[in-house]
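Engineer: Take a look at the following structure, please.
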Amino acid sequence: MQALGVSAGTKWLKHYSSDQSILTVGDGDFSFSLSLATAFGSGKNIVATSLDTYEELNSNYSDAASNVRELERLGATVLHGVDAKEMNVHADLWPRLFDRIVFNFPHAGFNGREDKVDVIKSHQELVRGFFAAARNMLFRRGEIHVTHKTKHPYSNWGIKQLASESSLTLLEEAAFQIQDYPGYNQKRGSSWRCDQDFAIGDCSTFIFLKG
Ligand SMILES: C[S@@+](CC[C@H](N)C(=O)[O-])C[C@H]1O[C@@H](n2cnc3c(N)ncnc32)[C@H](O)[C@@H]1O
């Protein structure tokens, strides 16, 4: 894959274009990645990943198998068992670089009330580890995108502070609207309600650059 260069026939969906090499992380049932690939008419520049193994994915999400099949038909690379905190050394990712690395609604799992200090700490560990790994996987001027709820208790995660610990600078905080991504179904992503959606409420896509 090449670093970003805009060509004739480039297709866009919100922040993303068919010319960008895009890595999606922790993508639930893969409906976000498929939304991008469908809009571009191609997934050839997309690497879509889940923490779940393929078997876990299929027992957790009713649409995962068909989403993965369609992504692969469109030419995307689909990888399973990819831990966001160690993805820079994953055998199928190292030493690849990307223009955009996207983690929508990172969440370490439901382990008690979301306002409990230790629960927030577990989410922070995930996001901290993701930033540290992702910063090593960017082309020059590449961007890391995290979509996250902005109200209490989610605002207590301190996304910008966690990014700054990995020397990432906020370029933009853009309002997130799920309607911008046709076919995307945001998933709870753990517990017996894994395949259910959740109320999005107020949230933003935080866009970070190195430096
Ligand atoms: C709230 S769900 C959001 C899922 C998906 N991004 C979406 O928007 O529908 C949180 C996701 O984070 C993933 N996750 C949790 N820990 C992870 C890790 N260490 N590495 C990669 N993904 C992780 C879960 O598997 C789950 O898919």
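The values are calculated or read from the model by the stated rules, or taken from the named source; none is laboratory data. Computed from a predicted model, the values in this text were never measured in an experiment. Cβ atoms come from the backbone with ideal geometry, glycine included; neighbour counts cover every protein chain shown.
Engineer: Report every pair of residues separated by at least 6 positions or lying on different chains whose Cβ atoms are under 7 Å apart, first residue within region 35-50 and on the phi > 0 side of the Ramachandran plot, second away from the ligand (no atom under 16 Å from the Cβ) and of a type in the set (Lys, Arg).
Structural biologist: Listed pairs, sorted by first residue: Gly41/Lys11.
Engineer: Test each condition in (1) without any contact (Cβ under 8 Å) to a residue 12 or more places away in the chain; (2) farther than 17 Å from Asp195 by Cβ for Ser66 and report the one that comes out false.
Structural biologist: Among (1) without any contact (Cβ under 8 Å) to a residue 12 or more places away in the chain; (2) farther than 17 Å from Asp195 by Cβ, the lone unmet condition for Ser66 is (2).
Engineer: Another one. May I ask you to list the residues in region 101-134 that are loosely packed, with under 15 Cβ neighbours inside 10 Å and either in contact with a helix residue (DSSP H, G or I) (Cβ under 6 Å, 6 or more places away or on another chain) or closer than 15 Å to Ser50 by Cβ (or both)?
Structural biologist: Answer for region 101-134, where residues must be loosely packed, with under 15 Cβ neighbours inside 10 Å and either in contact with a helix residue (DSSP H, G or I) (Cβ under 6 Å, 6 or more places away or on another chain) or closer than 15 Å to Ser50 by Cβ (or both): Gly109, Asn111, Gly112.
Engineer: Across region 154-195, what is the number of residues that are in contact with a helix residue (DSSP H, G or I) (Cβ under 6 Å, 6 or more places away or on another chain) and of a type in the set (Gly, Ala, Ser)?
Structural biologist: 3
Engineer: If you don't mind, there's one more thing I want to ask. Mind checking which residues of region 102-151 are of a type in the set (Val, Ile, Thr), within 12 Å of the ligand (Cβ to nearest atom) and in a strand (DSSP E or B)?
Structural biologist: Across region 102-151, the qualifying residues are Val102, Val146, Thr147.
Engineer: Give all pairs with beta carbons closer than 7 Å in which a residue from region 185-203 that is outside any loop (DSSP other than H, G, I, E, B) meets a residue that is more than 7 Å from the ligand (Cβ to nearest atom); count only pairs at least 6 apart in sequence or on separate chains.
Structural biologist: Cys203/Thr147; Cys203/His148; Cys203/Lys149; Cys203/Thr150; Cys203/Phe176
Engineer: Looking at Ser66, Ser31, which one is at pLDDT 95 or above, within 14 Å of Phe103 (Cα to Cα) and of a type in the set (S, T, N, Q)?
Structural biologist: The unique qualifying residue is Ser31.
Engineer: Suppose we keep only residues that are over 17 Å from Ser50 (Cβ atoms) and part of a loop (DSSP other than H, G, I, E, B) within region 75-95. Which one would you say is nearest to the ligand (Cβ to nearest atom)?
Structural biologist: By that ranking, first place goes to Trp94.
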